[in-house]
Amino acid sequence: MIRADAPAKLEGRIRFGTDRTRPGMLWAALVPAPVAHGRIRQLDLDPARRAPGVVAAIGAAEERALLPGRGAEATPIFPGEIRYRNQPIAAIAARSLEEARAAARAVRAEIEPLPLLADLDSVLPGWPEEGLPADAPINAHVRARHGDVEGEFARADRVRRDAFRTSGVAQVPLEPHACIAWIEGEVWHVLTSTQSPFGVREDAGELLGLPPERLVVEGSWVGGGFGGKVAALVEPYALLLAAASGAPVRLALTYREEFQLTRSTLPARVWIASAVRGGHLTARTVRLLLDTGGSLPGRDFATGYAIAFLLGPYRLDAFEVEGYAVRTHKPPFGSHRAPLAPQCTFAADGHTDALARDLGVDPVAFRRAHVWTAGDRTALGQEVGPFGAAAALDRARALQEEWRRSMPAGTGLGVGLGYWSTGTGAGGEVRLSLTPERLTIHEGEREIGSGSVVRGLVAMAERTLGLPADRIVLEYGDTATAPYDAGVFGSRTLGALGQAVGAAAHELTAELGRRLGAAGPARLGVEGDELWAAADGRRSPIAQLLTPGERDHGGLLRTGRHYGRSGAIDPARVHAGEFYAYHDFTASVHLAAVQVDRETGQVTVLRYAAIQDAGRVIDPPTFRAQVEGGVAMGLGTALTEEMLWGPDGRLENPGLLDYRVPTLLEIPPIEVIPLEGFPGAGPEGAKGVGEPPIIPVPAAVANAVADATGVRLYELPLTPERVARALMAR
Amino acid sequence: MSGPDGSALVVNGRAHPIDGVPSHERLLDTLRGRLDLKGTKEGCRTGNCGACTVLVDGRSALSCLVLTHEVGDEPVTTIEGIAADPNGRRVQQAFLEEGALQCGYCTPGFVVALTGLLSESPGATAEELLTDLQGNLCRCTGYAAIVRAVRTLRAEGP
Ligand code: FES
Ligand code: FES
């Protein structure tokens, strides 16, 4: 099945955020903070205002003047206190981009430097062995436990303790963030490359003090999101500049800024200990320090959610987890395809793999003996629904044996087990309208590339109605006209919005069945140019089934809704902070074959297989593409991707030359194996597939390296230098 | 058509006067900003992603690293004109059939670069073509479907 957006994308006819313009548009540039922590004593915008072509130059004072109605408690867009290097402290709108950039360089700021919190090691060097200093810069603290942890460890016949470090990674969409803002009377508009128009309306509205009816967000085609385009980033600056200049303003990040400003996964340190008695994993304790950068207190979403991954998808008699979200002077923590799950799984699954090898047990069999199946409860007490991990592990084990026989000596094989659960967010809806010529899906999400909108939603309408894809049209609208939905993230789109399309389509077929005088629902079809409906041997063109009002006013309309779903955890197990209960536990089991160059430490992935718990595959090509793309991105996290910050808080590799994403020949052949039969709550039992395939990749690769060399790596990514050092230290 | 001083840029078979174009302007910006040919994508602007690939006299070039005035009278082909080249059409068809795109931001660069390679070295093997495509990044597909499209093209013959 060919994606509806493919021809236009192949012919260069699609307009992304970076491609959009408006008549009379000005160009914007941001003024970066020259330190990572400091107080702005004075900001002199006059040299910028006098520069050629400049129409507006704004900083904190102008922001206050432009937003008289905003509450005093609102977080300022331009800071008084700088929280990370390159944080925008002012912005310029000018007649050309060159003039805007030149003027940005002319801004003078007097800044009092403040002490810098650079990284986890310098902020909390002693934890968890030592206690926490009273003045520790903590954004959030989470702690949960259950069962007789100390007793299980005392009774254990084998205990293993490991410590891991993971790196910050960038989303690196090919298209940087870009938007255009303009003001029409009382209403502020922004057209932007986003994964969530309604999310941007909420975020930017809060920052600007604008109620939903005064801020309209329209999504453009998105050149890759991967979590980086979920929250507002460039929009508030562009909107303020539009208000200050009275003209439409375009703001696009440079690629350098894309690295420096986007919120992403930041470094973490993890400690895991497991207790085993009589071959059974009985208890696990976990400590986590997560760098949350300049995230504002109370805005941590990651710690309580990440820590669960460190326990693994295993039945445990007792557990304890404790973690801190640590404030440093980096950009705030943000979403990145399954935020932190690949990193936590690298730690948890690597630890489990090593534990099994300690015990002299096959690592796959060990996992298989402890993994959840339907009806089990997670450590936090949430019930696990249908979950394909055990079946996927069986497949992986068979495949591993096959590969062992066929692959050259020296090849290391590693299995990684990861899991995910989907958060559907708030409810949302779609509207369907049926005319004699076509079905239109009115909805609020834009296609970010994954296919969840152009294929997922369309496939649901196709399957429910019986119409071919070329008779189904998507109509996106903006936040003023489109039905609400939370956004394309969290592997939720098909499960949430696809479900809504299915519900609306069922109502349509039921109504058409009634109008045909049939007992059951109708099926739709096409003959020549016309759509028709048929049921119980009766059949009629759609034109004859519509009322005159429907024929004249947009066709037969039906609305479909989905409701945000979640599971429930046992509150008695939570002792501090917030933990989350999503739903649709989804297993990913990967098998990696690697070769390690013992001289250089270079890891080459020769072959790869991804077994994905799918619930039900709705559109096989889209499913496969998501798994392949997720694996490739995970190989970057595993092997090369690492944001490096200097002691002054400067990102030292803000570009593609130094921050290495996988290139074409670095990706091995990937075998994608869907596993059906463990249904989720999505349409026809489908589970989300956007994030799960990235999750076990670093674990599978590190386990394969351990298999090849006998040496385990405890830090991501597995760069040649780290691997060579570990081999030398043996 | 050419400007008063005779300088013109020939893009997809049409000549555009460029005497008003500053000497430091990049071909990428002339194409996108002045000629409204937005199919050529702007990514890193440092020569590291391949999204801005165009053909200059049939050979692939990163338009973010080429100055407009450097091009001289060599014809430029962008994604908008690639279908006029039979190789371009074949590449588009192979990408379509293999689903070798997701967000599509890298796609024009890949299609143009591969078209240039097929024309330049019609006998190249799939492996050679893939080696030469390494400068084009894709963050969405994991390259798997792109590799399949290249293999399909080679299976069809030169
Ligand atoms: S934009 Fe030219 S190579 Fe990236
Ligand atoms: S399809 Fe998105 S970058 Fe290639």
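Tabulated results
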quantity: Subset tally (residues that are farther than 18 Å from A:R214 by Cβ, more than 11 Å from every other protein chain (Cβ to nearest Cβ) and in a strand (DSSP E or B)) for region A:163-187; calculated: 6
quantity: Residue identified as surrounded by fewer than 24 Cβ atoms within 10 Å (Cβ to Cβ) and either more than 16 Å from ligand 1 (Cβ to nearest atom) or at negative phi (or both) among A:V142, A:V149, A:V200, A:V169; calculated: A:V149
quantity: Subset tally (residues that are open to solvent by 10 Å² or more (accessible area, probe 1.4 Å), of a type in the set (D, E, K, R) and under 19 Å from the mean Cα position of the chain (by Cα)) for region A:405-455; calculated: 1
quantity: Those residues of region A:510-535 which are surrounded by 21 or more Cβ atoms within 10 Å (Cβ to Cβ) and in a helix (DSSP H, G or I), in sequence order; calculated: A:L512
quantity: Subset of region B:110-125 that is buried (at least 16 other Cβ atoms within 10 Å of the Cβ) and more than 16 Å from ligand 1 (Cβ to nearest atom) - its residue that is nearest to the chain's Cα centre (by Cα); calculated: B:T115
quantity: Residues within region A:676-702 that are within 16 Å of ligand 2 (Cβ to nearest atom) and either surrounded by fewer than 23 Cβ atoms within 10 Å (Cβ to Cβ) or under 24 Å from A:V603 (Cα atoms) (or both), tallied; calculated: 2
quantity: Candidate set: region B:80-127, residues that are among the hydroxyl-bearing types (S, T, Y) and closer than 15 Å to B:R59 by Cα; chosen: the one nearest to the other protein chains (Cβ to nearest Cβ); calculated: B:T115
quantity: Among the candidates A:L524, A:L591, A:L516, residue that is within 27 Å of A:E445 (Cα to Cα), modelled with pLDDT of 95 or more and out of contact with any Pro (no Cβ under 9 Å at 6 or more places or on another chain); calculated: A:L524
quantity: Region A:86-127: number of residues that are more than 30 Å from A:G246 (Cα to Cα), part of a loop (DSSP other than H, G, I, E, B) and open to solvent by 40 Å² or more (accessible area, probe 1.4 Å); calculated: 5
quantity: Selected residue (only one of B:L137, B:L130 is assigned to a loop (DSSP other than H, G, I, E, B) and at the interface with chain A (Cβ under 10 Å from one of its Cβ atoms)); calculated: B:L137
quantity: Single condition A:A614 does not satisfy, out of (1) farther than 24 Å from B:E97 by Cβ; (2) not in a helix (DSSP H, G or I); (3) not hydroxyl-bearing (S, T, Y); calculated: (1)
quantity: Matching residues, region A:203-220, being surrounded by 24 or more Cβ atoms within 10 Å (Cβ to Cβ) and within 14 Å of chain B (Cβ to nearest Cβ); calculated: A:G219
quantity: Single match in A:R256, A:R250 (criterion: at pLDDT 95 or above, farther than 23 Å from A:R70 by Cα and more than 16 Å from ligand 1 (Cβ to nearest atom)); calculated: A:R250
quantity: Members of region A:21-42 found to be open to solvent by less than 70 Å² (accessible area, probe 1.4 Å) and either within 14 Å of another protein chain (Cβ to nearest Cβ) or under 26 Å from A:E184 (Cα atoms) (or both), listed by number; calculated: A:G24, A:M25, A:L26, A:A28, A:A29, A:L30
quantity: Residue among B:L31, B:L67, B:L35, B:L27 that is within 30 Å of A:P23 (Cβ to Cβ), away from ligand 2 (no atom under 16 Å from the Cβ), away from chain A (no Cβ under 13 Å) and crowded, with 17+ Cβ neighbours inside 10 Å; calculated: B:L27
quantity: Where B:C52 falls short, out of the listed (1) open to solvent by 20 Å² or more (accessible area, probe 1.4 Å); (2) within 16 Å of ligand 2 (Cβ to nearest atom); (3) hydrophobic (A, V, I, L, M, F, W, C); calculated: (1)
quantity: Where A:G554 falls short, out of the listed (1) part of a loop (DSSP other than H, G, I, E, B); (2) open to solvent by 20 Å² or more (accessible area, probe 1.4 Å); (3) outside the structural domain of A:E447 (by TED's automatic domain parsing); calculated: (3)
quantity: Failed condition for B:G135, given (1) more than 16 Å from ligand 1 (Cβ to nearest atom); (2) in contact (Cβ under 8 Å) with a residue 24 or more places away in the chain; calculated: (1)
quantity: Only one of A:A4, A:A8, A:A48 that is of a type in the set (A, V, I, L, M, F, W, C) and away from chain B (no Cβ under 12 Å); calculated: A:A48
quantity: Qualifying positions in region A:651-684 - part of a loop (DSSP other than H, G, I, E, B) and over 25 Å from A:E258 (Cβ atoms); calculated: A:P668, A:P669, A:G677, A:F678, A:P679, A:G680, A:A681, A:G682
quantity: A:Y608 vs. criteria farther than 30 Å from A:L494 by Cα and within 13 Å of chain B (Cβ to nearest Cβ); calculated: no
quantity: Scan of region A:256-286 for residues that are among the hydrophobic types (A, V, I, L, M, F, W, C) and open to solvent by less than 30 Å² (accessible area, probe 1.4 Å), ordered by number; calculated: A:F259, A:L261, A:L266, A:A268, A:V270, A:I272, A:A273, A:A275, A:V276, A:L281, A:A283, A:V286
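Residues checked against (1) open to solvent by less than 20 Å² (accessible area, probe 1.4 Å); (2) more than 9 Å from chain B (Cβ to nearest Cβ); (3) over 26 Å from B:D132 (Cα atoms):
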| position | (1), (2), (3) |
| --- | --- |
| A:T637 | yes, yes, no |
| A:T640 | no, yes, no |
| A:M643 | yes, yes, yes |
| A:L651 | yes, yes, yes |
| A:D658 | no, yes, no |
| A:P662 | yes, no, no |
| A:L665 | no, no, no |
| A:I670 | no, no, no |
| A:P674 | no, yes, yes |
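This table checks each residue for (1) within 14 Å of another protein chain (Cβ to nearest Cβ); (2) out of contact with any Pro (no Cβ under 7 Å at 6 or more places or on another chain); (3) within 16 Å of ligand 2 (Cβ to nearest atom).
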{"residue": "A:A369", "(1), (2), (3)": "no, yes, no"}
{"residue": "A:A374", "(1), (2), (3)": "no, no, no"}
{"residue": "A:L399", "(1), (2), (3)": "no, yes, no"}
{"residue": "A:P408", "(1), (2), (3)": "no, yes, no"}
{"residue": "A:G425", "(1), (2), (3)": "no, yes, no"}
{"residue": "A:R438", "(1), (2), (3)": "no, yes, no"}
{"residue": "A:G456", "(1), (2), (3)": "yes, yes, no"}
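The values are calculated or read from the model by the stated rules, or taken from the named source; none is laboratory data. Quick caveat: nothing in here was measured; it's all calculated off a predicted structure. Note: ideal-geometry Cβ built from the backbone for every residue, glycine included; neighbour counts use all protein chains shown. SASA here: full protein model, heavy atoms, side chains in, ligands and nucleic acids out. Shrake-Rupley method; radii C 1.70, N 1.55, O 1.52, S 1.80 Å.
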